[in-house]
Amino acid sequence: MVIVGSEKLVGIIGTMAQQPVTPARARRLLIEQGFPPVVDKEVIKRWTLGSVGGKLRRMGSKPTLALRQAVFRLEREGKLRTSGLKRPEPEVTVTGVTRGIEHWSEMRLLRGQELSAALIRDHYAKQFRSAGGAGEQLTDVCRRILTKAAMEDRLTKCPEKTNFLVLFSGWQSTAQPSLKLGLTAINAEIDAEKTVSVQQGLVAAVERPTDLSLAREGEQVKYACQQQGVRVNTVGIVEGSHPCETFSNSGHINTERGCNYQFPSGAPRPGPKKQKAVNHRRMAANMVQSVKEWIVAGAMRGEQLYCYLEQGQTSTLKKLKSRAKEGEQQKSAFEGLPPPVTVDYCQYKVQLGKSLKYPARKSTSIWTNIRGWTPRRCPGKAQCQHHACKAGATEDRIKIPGFTVGAAENWIPEELHLSILEAAVRPR
């Protein structure tokens, strides 16, 4: 009986990625190199004890099991015969089942089918238990797979969720865009009694005053909905634009405006505004954390929920850290969200139905999981005349006809909101 060329097989294995050789890969290698017409235990023994087995062991595989499973698969395909070989029981491990879950989930997402934690448990809970895995481990696997899918905008859209929650709604520039798309904007502020509607030219109290500084850690979205009398599971999109006075670049250099709350490093600056800076950092971290947890909760149900969080490009908000558990290292508060994209306000109309574009470039970072939205960037001064402002300079304050200076500087163009929301509600 002629034995397979072991040395050549070893050479091929050596060029493969350094990971365990599965029965399928071992089978492929055997087919490529040829095999004896009849395989018995002596053949397997020589392969296992020889250089092939040594190479497989160094790569983390169990040679005898891998080779036997490969041989029996070839036998089922009618490509060889076995003699005196005992069929190995398939080895089931938590890692193997997890890979199966990942592959099955990816196939469903590629086909545009529904995917949820309940579906994964229905298909794999028994296998996972048989492999020795605990229920908490399976939940973690579901959360990791579904969170990744939600942040990539690949889960099932929920067109019936027409409530649009606006955290730190300020001047309510989301009002007209949401109305145009049939969404119900739910506004929440630090001091809702003083929320201003520039479009109507009056100070308008939100239906129910909401102080977001009172929300517990990780519950800002839930708290805002409760205060506004809205069920959190009816919200499909959350927008967050935390007050920039603590974090913006202009706040660092423009002390005469009273916004010099913290150092460029992100540490609160000693003085009368230190406590306000501390409170803003806590609220901003709570906003990011609660939005992420809201998205994950929806993902576990198989629902695609959306967010977009806005702050100036040079803002120190991006340096915000999440609260670390004892013994753990602090991580970025934005970890888990897609990286921010940059947009320039000067490319968007201030108000819908009017031709006036924002009179300053005002580059802004936006963290969002909405796929299909393309941010517009300024083509440069040669083609764009909207570069009147210098960051934080009082002599070059932004001016918009019909707006107060404060409203003009803090206004988010309505066309920008509209372009993002359209991408969120657009059918795939």
In region 308-347, residue farthest from the chain's Cα centre (by Cα) [restricted to those that are assigned to a strand (DSSP E or B) and modelled with pLDDT of 90 or more] | 344
Could you list, in sequence order, the residues of region 102-119 that are surrounded by 13 or more Cβ atoms within 10 Å (Cβ to Cβ), within 20 Å of the chain's Cα centre (by Cα) and part of a helix (DSSP H, G or I)?
-> 102, 105, 106, 108, 109, 117
Taking residue 116 as the residue in question, decide whether it is touching a strand residue (DSSP E or B) at 6+ places or on another chain (Cβ under 9 Å) and at pLDDT 75 or above.
-> yes
Options 330, 347, 304, 313; residue that is exposed (fewer than 15 other Cβ atoms within 10 Å of the Cβ) and closer than 30 Å to residue 154 by Cβ = 330
Filter pass, residue 146 being surrounded by 15 or more Cβ atoms within 10 Å (Cβ to Cβ) and at pLDDT 90 or above = yes
If you scan region 370-428, which residues turn out to be outside any loop (DSSP other than H, G, I, E, B) and at pLDDT below 90?
-> 394, 395, 396, 405, 406, 407, 408, 409, 410
Of everything in region 267-290 that's crowded, with 23+ Cβ neighbours inside 10 Å and in contact with a Gly (Cβ under 6 Å, 6 or more places away or on another chain), which residue is nearest to residue 241 (Cα to Cα)?
-> 287
Looking at (1) assigned to a loop (DSSP other than H, G, I, E, B); (2) of a type in the set (S, T, N, Q); (3) buried (at least 16 other Cβ atoms within 10 Å of the Cβ); (4) not assigned by TED's automatic domain parsing to the domain that holds residue 304, can you tell me which one residue 98 breaks?
-> (1)
Wholly enclosed helices (runs of 4 or more DSSP H) of region 203-307 bearing at least 1 residues under 28 Å from the mean Cα position of the chain (by Cα) and at pLDDT 90 or above = 220-228, 274-300
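The values are calculated or read from the model by the stated rules, or taken from the named source; none is laboratory data. Because the structure is predicted, anything quoted here is derived from the model rather than measured. Note: ideal-geometry Cβ built from the backbone for every residue, glycine included; neighbour counts use all protein chains shown.
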